[in-house]
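A.B. asks: Following this message is one structure expressed as structure tokens.
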Amino acid sequence: MTSDTATTRPPLEIASPARPKPPRTIPFGRPMLDADERYAVLEVLSRSTLTHGPEVEAFEASFARYTGAPHAVAVNSCTAAMHLAWLHLGLGPGDEVIVPALTHVATAHAVELCGAQCVFVDAEPATGNIDIDRIEAAITDRTRGISVVHFLGMPVDMLRVLAIARRHDLAVVEDCALALGATLDGQHVGLFGDAGCFSFYPVKHITTAEGGMLITNRPAVARDAATRRAFGIDRNVVAERPSPGDYDVTCLGHNYRMNEIAAAIGLKQMQRLDGFLAARRANALALEDGLRTIDELELPDSTGGRFCSARYCLAVVLRVPLAAARRNIMDSLKQRGVGVSVYYPRPVPHLRYYRQKYPMADNSFAVASGFCARSIALPVGPHLRSEDVGYIIASVKEAIASVK
Ligand SMILES: Cc1ncc(COP(=O)(O)O)c(C=O)c1O
């Protein structure tokens, strides 16, 4: 007899209901990291400079070159970039900003973090972008700015937005979290307004795990963002200080810095960006082709002369009779191994924090609500293999047939 019962005890088995394994697994998004990124991280780890170093500077330079931006400032999220942009533009209590109802909560939080108030505007049905025709009606004498989001990578018609902003003397911040690679009239998004803000969260066009970038044409915006991302300290790099501790704090800042490890990954990702974008485009076009003939689906506009989408994903919208079955359709796709997502679960003004702050009717923001309730975002990223697109199309057809 042994006293060590652990060695004689049979392994614990947890019964799970038998579920057939899907023939393949296609995640909604997957960070595309390979030996180059791993090597770059090890390189940084072998040095002693983990912040305020050459990788961040090189990543900023590479991003500026790619987008055509005169200035790029790396930070640790898109939310941080937007917050810095609004802080520089002087947003504060008593001010209002026009914010699209159909977006990630970060777009609105960046305004609220400054103590200002969001005035939400509904989406247009064709693209999910802010309905420009409704912006002027939402402007009051307290409005200081317009926040636009290039929804799922599709550029907003910035020329129309800028015309309104000029008429009312308003600042414009572009949320480009899903729009790296998107252009309007050949110019990269993010350079139309006062600042453009990008995200490098893992499933974005490129990743640094967490990270963001602010681009701008305006040197003052870049200078101020660079100071405020590091506590408002005027001399951040120790080497720039005439003697140790020789620095001052010129404004109220945050710790929004990007670190060297993240920047090293970002730099490698930039070298692969063209390939990533080409794959997204090819996958999205092939998916659109295969899904266009399905009567139960509407496909938002994604192509068109002046507007070049960054193709973050392909959001299909279920026509009304099928909308109630969205959860079942998504479950069915999941069982087939197709990863899907929802952009976004609810219009921002319908989220509890905003609903309590700005009480409004449940049926407000009808277009944004329609996207939130009826759309399913399908993967188009560079992680898809060539057979995956056909498999996704067949899976969508089967999933719809299964709920009819
Ligand atoms: C439109 C939009 N803006 C901002 C963000 C927030 O980005 P980050 O996580 O880099 O702050 C997201 C996140 O997905 C987003 O979809």
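A.B. asks: Taking springs between alpha-carbon atoms closer than 10 angstrom, which of N363, N255, N283 fluctuates most in the Gaussian network model of the chain?
C.D. replies: Most flexible of the set in this elastic network: N363.
A.B. asks: Next question. When Lys and Arg each count +1 and Asp and Glu each count -1, what net charge do the other residues less than 14 Å away from D301, Cβ to Cβ, add up to?
C.D. replies: Values: positive: R292, R306, R311; negative: E124, D131, D157, E288, E298.
That works out to -2.
A.B. asks: In whole Å and largest first, what semi-axes does the C-alpha gyration tensor of the range 66-172 yield when each eigenvalue is scaled by 5 and square-rooted?
C.D. replies: Working: eigenvalues 75, 65, 39 Å².
Value: 19, 18, 14 Å, ordered largest first.
A.B. asks: List the lysines whose Cα lies under 28 Å from the Cα of K397, skipping any in the same chain that are fewer than 8 positions away.
C.D. replies: Within the straight-line limit of under 28 Å, K397 reaches these lysines: K21, K204, K334.
A.B. asks: Let me ask something else. Show log10 I(q)/I(0) for the range 276-347 at q = 0.17, 0.27 Å⁻¹, two decimals, from a solvent-free Debye sum over equal Cα scatterers.
C.D. replies: Evaluating at q = 0.17, 0.27 Å⁻¹ gives log10 I(q)/I(0) of -0.76, -1.46.
A.B. asks: For a quick size check, give me the Cα extents of the range 276-396 along its three principal axes, largest first, whole Å.
C.D. replies: If we take the Cα atoms of the range 276-396, the spans are 47, 36, 25 Å.
A.B. asks: When the chain is fully extended, how far beyond the present Cα-Cα distance does R160 get from D246, taking 0.36 nm per residue of separation?
C.D. replies: On the way: separation 86, 0.36 × 86 = 30.96 nm, distance 4.71 nm.
Residue separation times 0.36 nm, minus the Cα-Cα distance, leaves 26.2 nm.
A.B. asks: Could you tell me how far the Cα centroid of the range 350-402 sits from the Cα centroid of the range 233-279, in Å?
C.D. replies: 35 Å
A.B. asks: Turning to a different aspect of this structure: Can you classify the range 86-236 as rounded, prolate or oblate using the Cα gyration tensor, where a ≥ b ≥ c are the square roots of its eigenvalues, rounded means a/c under 1.5, and otherwise it's prolate if a/b beats b/c and oblate if not?
C.D. replies: Numbers: a/c = 1.56, a/b = 1.13, b/c = 1.38.
It is oblate, given that a/c is not under 1.5 and a/b is not larger than b/c.
A.B. asks: Once the principal axes of the Cα atoms of the chain are found, what is the range along each, listed largest first in whole angstroms?
C.D. replies: On the principal axes, the chain reaches 70, 68, 44 Å in Cα extent.
A.B. asks: Right, here's the next one. If each residue of separation counts as 0.36 nm, what is the full-extension length gain between R235 and D331 once their alpha-carbon separation is subtracted?
C.D. replies: Here the answer is 29.2 nm.
A.B. asks: Taking the Cβ of L277 as the center, what net charge do the other residues with Cβ under 15 Å away carry, scoring Lys and Arg +1 and Asp and Glu -1? Mind showing how you got there, number by number?
C.D. replies: Values: positive: K204, R272, R280, R281, R311; negative: D274.
Here the charged neighbours net out to +4.
A.B. asks: When the Cα centres of the range 64-79 and the range 152-222 are compared, how far apart do they sit, in Å?
C.D. replies: So the two Cα centres are separated by 10 Å.
A.B. asks: A further question on this structure: Specify the residue with the greatest mean-square fluctuation among C78, C372, C313, computed from a Gaussian network of the chain linking alpha-carbon atoms under 10 Å apart.
C.D. replies: C372
A.B. asks: I need the shape label for the range 192-235. Rule: rounded when a/c is under 1.5, else prolate if a/b > b/c, else oblate, with a, b, c from the alpha carbon gyration tensor.
C.D. replies: On the way: a/c = 4.08, a/b = 1.45, b/c = 2.81.
In terms of gyration-tensor shape, oblate.
A.B. asks: Using Cα pairs closer than 8 Å and at least 6 residues apart in sequence, work out the relative contact order for the range 278-404, in percent.
C.D. replies: Values: 146 pairs, mean separation 47.4, N = 127.
Over the range 278-404, the number comes to 37 percent.
A.B. asks: Work out, step by step, the length gained on full extension between E387 and L299: first 0.36 nm times the residue separation, then minus their alpha carbon distance; give nm to one decimal.
C.D. replies: Working: separation 88, 0.36 × 88 = 31.68 nm, distance 2.17 nm.
Computed gain between E387 and L299 is 29.5 nm.
A.B. asks: Next question. Under the classification rounded if a/c is under 1.5, otherwise prolate if a/b is larger than b/c and oblate if not, where does the range 15-95 fall, given a ≥ b ≥ c as square roots of the Cα gyration tensor eigenvalues?
C.D. replies: Values: a/c = 2.51, a/b = 1.45, b/c = 1.73.
Judged from the Cα gyration tensor, the range 15-95 comes out oblate (a/c at least 1.5, b/c at or above a/b).
Taken together, the values in this text are just the output of simple stated rules run on the coordinates, not laboratory data. The structure presented is a predicted model; accordingly, all values stated were derived computationally and were not measured. Every residue, glycine as well, gets a Cβ built from its backbone with ideal geometry; the counts of neighbours run over all protein chains shown.
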